[in-house]
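What follows is a single structure, written as structure tokens, with notes after it.
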Amino acid sequence: MDKKIILKKMKEYPAIVGFIGISILFSILSDRFLTVSNIINVFRQVSIQAVMAFGMTMVIISGGIDLSVGSIFALSAVIMASVLKTGSVFLGIVIALVVGALMGFVNGFIIAKGRIQPFIVTLATMAIGRSLTLVYTQGMPITGFPSTFRIIGRGYLFGMPYPILIMLGTFALIWFISSNTKLGLYTYAIGGNETAAKLSGVKVVKYKIIIYMISGVLSAVSAMLLTARLNSAQPTFGTGYELDAIAAVVLGGASLSGGKGSVVGTIFGALIMGIINNGLNLLNVSPFYQQAVKGIVILIAVLLERED
Amino acid sequence: MDKKIILKKMKEYPAIVGFIGISILFSILSDRFLTVSNIINVFRQVSIQAVMAFGMTMVIISGGIDLSVGSIFALSAVIMASVLKTGSVFLGIVIALVVGALMGFVNGFIIAKGRIQPFIVTLATMAIGRSLTLVYTQGMPITGFPSTFRIIGRGYLFGMPYPILIMLGTFALIWFISSNTKLGLYTYAIGGNETAAKLSGVKVVKYKIIIYMISGVLSAVSAMLLTARLNSAQPTFGTGYELDAIAAVVLGGASLSGGKGSVVGTIFGALIMGIINNGLNLLNVSPFYQQAVKGIVILIAVLLERED
Amino acid sequence: MKRAVWLVVFIMILSLSVFSIKIGLSLSTLNNPFFVELRNGALQEAVNQGVDIVVVDAQDKPYKQLNDIEDLVQQRVDLIIINPTDSDAIVAAVEEANNAGIPVITVDRAANGGKVILHIASDNVAGGAMAAKYIADLLNGKGNVVELVGIPGTSAARDRGLGFETELKKYPGLKLIAKQTANFNRAEGLSVMENLLQAYPEIDAVFAQNDEMALGAIEAIKSEGKLGKIVVVGFDAIPDAVNAVKNGEMAATVAQQPSLMGELAVKKAVEYLETQTIYIPVNLKLVVK
Amino acid sequence: MLLKLQNITKRFPGVLALDKVNLELDFGEVHALLGENGAGKSTLIKIIGGVYKADEGKIYYNGKEINFSSPSEAINNGIATIHQELNLFEDLTVAENIYVGNIQKSLINKKQLIKKAQEILSKNNFNIKAESLVKELNTSEKQLVAIAKSLSLKSKIIIMDEPTASITEHETHNLFRIVKELKNQGIGIIFISHRLEEVFEIADKVTVLRDGKYIGSGLVKDFSQEDLINMMVGRNIKEMFPKYNETKDEVVFSIKNLNIGKLVKNVSFEVKKGEIFGIAGLVGSGKSEIPLGIYGYMPAKWDELIINNREIKKIKDPNKALDYGIALVPEDRKSMGLVLDLDIVRNIILQNIKLVEKYGILFWKNANKIAEEEIKKYSIKATSYKQKTGNLSGGNQQKVVISKVLKRDPKVVFLVEPTRGIDVGAKVEVYNIVNRLANNGNGVIFVSSELPEIVSLCDRVLVMHRGKNMGILEGDEITQENILKLATGVDI
Ligand SMILES: Nc1ncnc2c1ncn2[C@@H]1O[C@H](COP(=O)(O)OP(=O)(O)OP(=O)(O)O)[C@@H](O)[C@H]1O
Ligand SMILES: Nc1ncnc2c1ncn2[C@@H]1O[C@H](COP(=O)(O)OP(=O)(O)OP(=O)(O)O)[C@@H](O)[C@H]1O
Ligand SMILES: [Mg+2]
Ligand SMILES: [Mg+2]
């Protein structure tokens, strides 16, 4: 009975299959892989990318793409950092979220109102966000925050690191939004057939803006996690994260043409990427070969996913 | 009469409007911009990205994406370089093209036969290609080629630098392919409606493979240009080029959902990116602000394009 | 009378705009505080000397650097200071400047060809060796070492790794048990180090090919509660790292004094445009507590 | 007066789609809108529904002048539209499809949603499960979902653009029963169809358009069928179902024990030279899978397949099928027939590449000439052969599909619902083509849900029920009753 449900879930979210396959592989190759401390370690590492990827999931389901997540990440991190330096932790976090929401709003507004391809709009805001970050910091990192803030990065609650808890919290939230709210349903509808959504009376502009704002806010949350973990905000933060986030979503079974996908898939997509990195380090694969191994493992993962 | 044709072309390829708009802007702001030597300078700079973007245009029209172009670029460059060191220029070039074609074949084969999303397949081959490059070179650049080869990078024919001539040649070729051949028609059809293409008798698998091979070969041609210009092949060559190439194609009016686009648009898309970089340098915009200005100019360009 | 004053002012403005010196500075990247420092040193000196400076950023891409330098040539700057992304790939750009009759000074990395009037060096190979030697001294020539590698294929990663590993081989008691890439990035330094700590419970020292990775590694070591038990040596001496050395979290960082290099480059450039100059290397030093 | 349109004019690049059109709709009235393919019917109702803006003219709704700028505005004001091109979300459930755009609360209770949707479906006798995914439905079921969606809105006006084009007769009757109920509630209905008998059955008033121009309107009972055809086409049509083919003895096509997954089981039949062979069946009978299987699009198995005395073991790909001389007019022009982003000429040569290509290079002069001929032959209403097929009216899109498939002179041709959505004049033209094809010695297999055309056109009819061949009717046996009996599993 239970077995059947698991099998059904596996079919529904093929990323689970890829995840299990690769986990088995690494467990055989390294006895360090399947230890409690390493598993917690991997989850904590994955939390940062995963939170960002949850927002990207919404965007991709809606048929869009958000290349600016890495820049939003950096900008909200450094602005938050400068507020944190004044000692106000709460204010810092709030401002980070506001920065994320604002950047997301700009994205969504230009994309939906201007009817311009998301790729090119977020490519531009990616550049703009990076610039703002460099100007704001003059290229230097901001370091040293109140210890109450740093707890977010390294504290534990009931034996669970905060980043993991925050990841699970955002996961639950986005899962709920996408499967139990009007916003979620409309996201799938817009991505599935935008014309039909419009003809059905969906206010496409409004919902697109909200979707990109969610992506912006989650990038800021993700930035908060890394800033707390490193006790430092870097102007180079988040470079290249957009590809990682998109990869996690696509590995999770979403389609870049929209209308399909789920955060359940995405969390496993992110975990696949995370355990590959972890496994390669554990096995001390030579730096020159690492990428090849990573590429091959990704291909194996998608082939495994396809099998079912 | 002539005016009408120009207006029509502008409507057909809105990137021309963006290009002209930005050119006018920079001509006003810098008297260095509109000089013959600077124009030739810009075209030569653009040639490398443009050639790669022509291949990407075919891929994107077919509804795909190729993230591995930068890695193909690097791998074919270093393998060519090591052959060039033995003195055989012709062989070196041929081998570079073969490497590009092979990598493209692998991409196309996995995508078409395995029916896996191009994004994830080329993400994997991007990593694998980079690794092969590092392993092949052991991380060292390869430098110093026969002078006959270096002419490709710096020589002139009838006052035109070779890279520009090669760019124009590949442009003409891809333009001809996409508008006057069976392959070109099939590319649009596959990207527009794969099912309909299949039912019309198009061998989708075969043509997808050919399309990715073209992208691979053009990445190799592009690599040849840069290697000749720099007289050196670096294992880090081509990092991040995929985004530049995709950006040029999308700025050129293609849609990432496939079925639409043209190399005419792409060449102007690449030129837009090129003159922005050139103009910002000529105007001595501070590096911290450059990206912001670049982002804004891109947004202006797409808004101009939309106007018409 | 009034007219005469205006004339003088006019001539002064004219002479300023015609005769003032314009220097181009082409940086490999600004995505790294090290090069930001270098730029800041150069900008400051340019203000002091009263010369114009045009800064371009190659974002670590050799082709972008070539384009940048071509654009500088288009602007007819008087001299170009180049911080190459790569010693070989820069030669074409140097030669283009040479052809246009514009003198070139290189900073940090050398150019392996073309005519360069002055090179302000920092020797990455020697720096790597210095780090190995220091670790050997601290560990009394015995222990397990891991190395955090920068972006594979870049010259900094190559040279620093080469110096470090060659020197390390001289100490048979020191074992390089793992060597992993963290791409010169602090966040990756953190996660790679976390993973390595999972795999290797007995690590005695870490050499990171730049400070960013070292600082990330320190955070990982901290959360494992192993701070003080593992020797961390970085490279570059960026301000955060110097602080970390001061408060005892980091054992040492190889200093290249980027700000001084930038300053010197501009100073010598101005000197050269009047006379000639000699080769003045900036010494490496180890910043320790 | 519920709705009044005055002098509505609409231009598209190169086309005057509507030229000063008037229409009046009263409470509780069913108003039929008629016209040939491309006459401007869909454009007109899209203007009412807020999809397009009229260039000129006025719209009064309940006495007030209105000017909707988006579909959501029209819907919120009580005007619901069932569009000709189905606007559904393939990856969502039926329930979700019905409620997208019409959800009041931010939170969704999925069970509740399915329950409510199921109520609507059952109330209207639509035999569809609310929790199934739309992509699992066949075309007629999808059409019913679109109808259910519009009924769920509780509107004052419901506009139906060819709702009956792809549903069965039984379902059509059911729909008309619903329409009558709506009428009694005072709801106004605009009804578009190319089947005139339906107009006489359900409509009170009728308005005819031709080439975007208002031709006339009045009470349905004041017109005869010929009157309406005359008004639409501008000439008389003598024979609705021309038939002049001659069956020979020679067999051109035969298949034994065709199996396609669980959808088609052990079906065998043969087609003779000059014969028009029909396949009929209800929804879900598997009749449209037969062509797809033989054509190499769905995995299929058979014991023996012979075309023109040549045995064919396997067809892996449509490309191979075409090589063997098998052609297919697919059921759904939008998803299977056309590349909507491409123009008419490109769509036509896509399937006829050999006529215009040498060494992979295309000869555009030939291609354009062919396209021009085809446009003339099928009287496709288009600005030129360069018009994007996505911008053609639905019926004209169908004509392009038929044209591109038949151009290649196939030996055996499957026509699946080929007259879906095309006007009377064009239908007659298709029937003529089918006759000519048969007489030229090709095997013609006509798959249709429209019984009148099956009965009038076919020489023999295979009737499917739940994937099985229930029998092949011949000659006088071919009647609507007999087909329906077999199709519902009753032996005769
Ligand atoms: N978006 C568009 N762009 C350009 N032309 C269009 C567009 N939409 C419709 N047309 C043209 O307007 C005319 C009217 O089309 P419409 O779809 O209203 O016809 P229709 O009466 O509904 O025909 P059918 O019976 O085939 O559905 C046609 O000539 C069509 O080609
Ligand atoms: N992809 C699919 N997944 C699940 N079920 C499907 C799928 N495609 C079709 N079906 C189901 O298979 C059954 C057969 O559909 P089919 O299209 O063969 O009907 P048909 O006989 O052609 O009728 P018609 O074309 O007249 O509507 C239908 O009940 C449909 O719901
Ligand atoms: Mg219509
Ligand atoms: Mg069917």
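The values are calculated or read from the model by the stated rules, or taken from the named source; none is laboratory data. None of the values given here were measured: they were computed from a predicted structure. Note that we place each Cβ from the backbone using ideal geometry, even for glycine, and neighbour counts take in every protein chain shown. These accessible areas exclude ligands, DNA and RNA; they are computed on the full protein's heavy atoms, side chains included. Shrake-Rupley method; radii C 1.70, N 1.55, O 1.52, S 1.80 Å.
Summary of values
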quantity: Subset tally (residues that are under 28 Å from B:Tyr136 (Cβ atoms), crowded, with 20+ Cβ neighbours inside 10 Å and either modelled with pLDDT of 95 or more or aliphatic (A, V, I, L, M) (or both)) for segment C:168-185; calculated: 3
quantity: Hits in segment B:256-285 - residues which are open to solvent by 40 Å² or more (accessible area, probe 1.4 Å) and within 11 Å of chain A (Cβ to nearest Cβ); calculated: B:Leu256, B:Ser257, B:Lys260
quantity: Which listed residue, of D:Ile114, D:Ile158, D:Ile120, D:Ile128, is β-branched (Val, Ile, Thr) and closer than 12 Å to D:Ile82 by Cβ; calculated: D:Ile158
quantity: Only listed residue being modelled with pLDDT of 90 or more, among the hydrophobic types (A, V, I, L, M, F, W, C) and either in contact with a helix residue (DSSP H, G or I) (Cβ under 8 Å, 6 or more places away or on another chain) or under 25 Å from A:Val285 (Cβ atoms) (or both), chosen from C:Ala237, C:Ala205; calculated: C:Ala205
quantity: Single match in D:Glu246, D:Glu197, D:Glu226, D:Glu239 (criterion: within 20 Å of the chain's Cα centre (by Cα), surrounded by fewer than 18 Cβ atoms within 10 Å (Cβ to Cβ) and outside any strand (DSSP E or B)); calculated: D:Glu197
quantity: Some residue of segment D:85-96 being closer than 25 Å to D:Gly421 by Cβ, within 16 Å of ligand 4 (Cβ to nearest atom) and touching a Gly at 6+ places or on another chain (Cβ under 8 Å); calculated: yes
quantity: Filter pass, D:Lys411 being under 21 Å from D:His194 (Cβ atoms), open to solvent by 50 Å² or more (accessible area, probe 1.4 Å) and away from ligand 4 (no atom under 16 Å from the Cβ); calculated: no
quantity: In segment C:75-103, residue farthest from the other protein chains (Cβ to nearest Cβ) [restricted to those that are open to solvent by 10 Å² or more (accessible area, probe 1.4 Å) and assigned to a helix (DSSP H, G or I)]; calculated: C:Asn98
quantity: Residue match in segment D:93-104 (condition: within 16 Å of ligand 2 (Cβ to nearest atom) and open to solvent by 10 Å² or more (accessible area, probe 1.4 Å)); calculated: yes
quantity: Candidate set from segment D:388-407 (those that are within 11 Å of chain B (Cβ to nearest Cβ) and open to solvent by less than 10 Å² (accessible area, probe 1.4 Å)); member that is nearest to ligand 4 (Cβ to nearest atom); calculated: D:Val401
quantity: Residue under evaluation D:Phe126, criteria (1) more than 24 Å from D:Thr419 (Cα to Cα); (2) within 16 Å of ligand 1 (Cβ to nearest atom), criterion not met; calculated: (2)
quantity: Qualifying helices (runs of 4 or more DSSP H) (wholly inside segment B:58-160; at least 1 residues being over 18 Å from the mean Cα position of the chain (by Cα) and within 14 Å of chain A (Cβ to nearest Cβ)); calculated: B:69-85, B:89-114, B:118-137
quantity: Boolean, D:Ile349 is touching a helix residue (DSSP H, G or I) at 6+ places or on another chain (Cβ under 8 Å), more than 16 Å from ligand 1 (Cβ to nearest atom) and open to solvent by 10 Å² or more (accessible area, probe 1.4 Å); calculated: no
quantity: Residue list for segment D:260-316, filter: within 14 Å of another protein chain (Cβ to nearest Cβ), more than 16 Å from ligand 2 (Cβ to nearest atom) and surrounded by fewer than 20 Cβ atoms within 10 Å (Cβ to Cβ); calculated: D:Lys316
quantity: Any hit, segment D:434-451, residues being of a type outside the set (A, V, I, L, M, F, W, C), open to solvent by 10 Å² or more (accessible area, probe 1.4 Å) and within 16 Å of ligand 2 (Cβ to nearest atom); calculated: yes
quantity: D:Asn76 vs. criteria more than 30 Å from D:Lys221 (Cβ to Cβ), surrounded by fewer than 18 Cβ atoms within 10 Å (Cβ to Cβ) and either modelled with pLDDT of 95 or more or assigned by TED's automatic domain parsing to the domain that holds D:Ala203 (or both); calculated: yes
quantity: Matching residues, segment A:199-227, being more than 10 Å from every other protein chain (Cβ to nearest Cβ) and of a type in the set (A, V, I, L, M); calculated: A:Ile209, A:Ile210, A:Ile211, A:Met213, A:Ile214, A:Val217, A:Leu218, A:Ala220, A:Val221, A:Ala223, A:Met224, A:Leu225
quantity: Cβ pairs under 6 Å, 6+ apart, first in segment D:23-46 and open to solvent by 10 Å² or more (accessible area, probe 1.4 Å), second more than 16 Å from ligand 3 (Cβ to nearest atom) and part of a helix (DSSP H, G or I); calculated: D:Gly28/D:Lys183
quantity: Test: residue in segment C:177-184 that is more than 10 Å from every other protein chain (Cβ to nearest Cβ) and of a type outside the set (Ser, Thr, Tyr); calculated: no
quantity: The listed residue being assigned to a strand (DSSP E or B), over 27 Å from D:Leu144 (Cβ atoms), within 16 Å of ligand 1 (Cβ to nearest atom) and touching a Leu at 6+ places or on another chain (Cβ under 8 Å), out of D:Leu33, D:Leu5; calculated: D:Leu5
quantity: Selection within segment D:459-470 - open to solvent by less than 10 Å² (accessible area, probe 1.4 Å) and closer than 15 Å to D:Phe414 by Cα; calculated: D:Val461, D:Leu462
quantity: Qualifying residue in segment D:355-363 (condition: more than 16 Å from ligand 4 (Cβ to nearest atom), under 21 Å from D:Asp423 (Cβ atoms), loosely packed, with under 14 Cβ neighbours inside 10 Å and free of Cβ contacts under 8 Å to residues at least 40 places away in the same chain); calculated: no
quantity: Test: D:Lys20 is within 10 Å of chain A (Cβ to nearest Cβ), open to solvent by 20 Å² or more (accessible area, probe 1.4 Å), touching a Phe, Trp or Tyr at 6+ places or on another chain (Cβ under 9 Å) and not β-branched (Val, Ile, Thr); calculated: no
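The rows are residues; the columns are (1) within 16 Å of ligand 1 (Cβ to nearest atom); (2) within 17 Å of A:Ala196 (Cα to Cα); (3) out of contact with any Leu (no Cβ under 8 Å at 6 or more places or on another chain); (4) outside any loop (DSSP other than H, G, I, E, B).
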| site | (1), (2), (3), (4) |
| --- | --- |
| D:Leu44 | yes, no, no, yes |
| D:Ala54 | yes, no, no, no |
| D:Ile59 | no, no, no, yes |
| D:Glu65 | no, no, yes, yes |
| D:Glu73 | no, yes, yes, yes |
| D:Ala80 | no, yes, no, yes |
| D:Glu85 | yes, yes, yes, no |
| D:Gln104 | no, no, yes, no |
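The rows are residues; the columns are (1) open to solvent by less than 30 Å² (accessible area, probe 1.4 Å); (2) over 20 Å from B:Thr137 (Cα atoms); (3) modelled with pLDDT under 95; (4) among the charged types (D, E, K, R).
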site	(1), (2), (3), (4)
B:Ile72	yes, no, no, no
B:Leu75	yes, no, no, no
B:Ile79	no, no, no, no
B:Val83	yes, no, no, no
B:Phe90	no, yes, no, no
B:Val98	no, no, no, no
B:Leu102	no, no, no, no
